[in-house]
């Protein structure tokens with residue numbers, strides 16, 4: 001009986017040795033690698049760590065332009081993905097490369113990795129779910145510019161042509177009150193010039209985090225998304241002016257009206273409904 005049992009085991013097909021592997025590249029340059037296997041796996045010189053608390057959901061691969069990106073479920077842990085990092089925005093729009101690998105042969109199946117970007121993240125303090133967007137997600141947005149009375153360019157991009165270094169300044173945090181940060185810049189700020197601009201943290205626990213600015217006065221800024229329990233007095237920040245995207249600001253403040261990407265004097269749809277002047 002024992003011999004027959006051993007023969008049955010020896011003739012049984014081998015168990016699967018497939019597993020998920022994925023690389024996550026954050027915008028601050030940190031790259032993390034994980035695997036669904038119960039042990040660490042080294043493939044092509046990269047160590048993929050197990051027990052990361054990350055579990056990819058089912059993947060629907062199909063022809064077409066639909067965004068079939070999977071979700072990633074996970075448990076917040078101290079050494080991989082923390083609640084503080086998620087709240088600080090360090091995982092926003094991170095690039096994720098996902099593949100199926102053979103942990104026994106230490107190879108990637110078909111030598112290909114699917115590329116996604118991390119979309120909306122939902123978390124409750126102990127568990128999180130992140131939506132992964134494939135490259136087809138970019139096709140959900142308009143690819144042909146529409147006419148608009150305001151400028152469609154981003155301040156400082158190739159279409160705008162402005163050198164942002166002229167409109168930036170570094171400062172240190174002097175005090176924090178709610179969503180308002182009091183600073184000690186080298187020069188006083190011009191009120192309202194930082195509205196629609198950005199603040200980037202250059203030191204401290206929030207290093208690398210970037211947020212939009214609501215408004216400012218001569219020595220403080222009110223920001224949209226305060227880093228959760230991270231910003232501290234003494235942290236260095238980089239402040240960048242904003243643009244209201246109006247032709248007047250483009251010409252008067254930035255002296256860049258020639259690159260204005262809008263149609264401020266184009267008649268609207270109401271032109272079609274106007275009555276002709278009576279004779």
Tally the residues that are modelled with pLDDT under 85 and either assigned to a loop (DSSP other than H, G, I, E, B) or buried (at least 19 other Cβ atoms within 10 Å of the Cβ) (or both), restricting the search to the stretch 99-115. 2
Counted residues, the stretch 222-279 - those being more than 24 Å from residue 151 (Cα to Cα), assigned to a loop (DSSP other than H, G, I, E, B) and at pLDDT 85 or above: 4
What number of residues within the stretch 167-215 are closer than 12 Å to residue 235 by Cβ and touching a residue at least 40 places away in the same chain (Cβ under 8 Å)? 16
Give the residues of the stretch 208-221 that are within 12 Å of residue 89 (Cα to Cα) and not in a strand (DSSP E or B), sorted by residue number. 208, 209
Quick one: count up the residues across the stretch 162-185 that are more than 15 Å from residue 241 (Cβ to Cβ) and not in a strand (DSSP E or B). 3
Quick check on the stretch 49-72. Is at least one of its residues assigned to a loop (DSSP other than H, G, I, E, B), at pLDDT 60 or above and surrounded by 16 or more Cβ atoms within 10 Å (Cβ to Cβ)? no
Which numbered condition residue 199 misses (of (1) assigned to a loop (DSSP other than H, G, I, E, B); (2) within 20 Å of the chain's Cα centre (by Cα); (3) within 19 Å of residue 90 (Cβ to Cβ)): (1)
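The values are calculated or read from the model by the stated rules, or taken from the named source; none is laboratory data. None of the values given here were measured: they were computed from a predicted structure. When we count neighbours, we look across all protein chains shown, and the Cβ atoms used for this are built from the backbone with ideal geometry, even at glycine.
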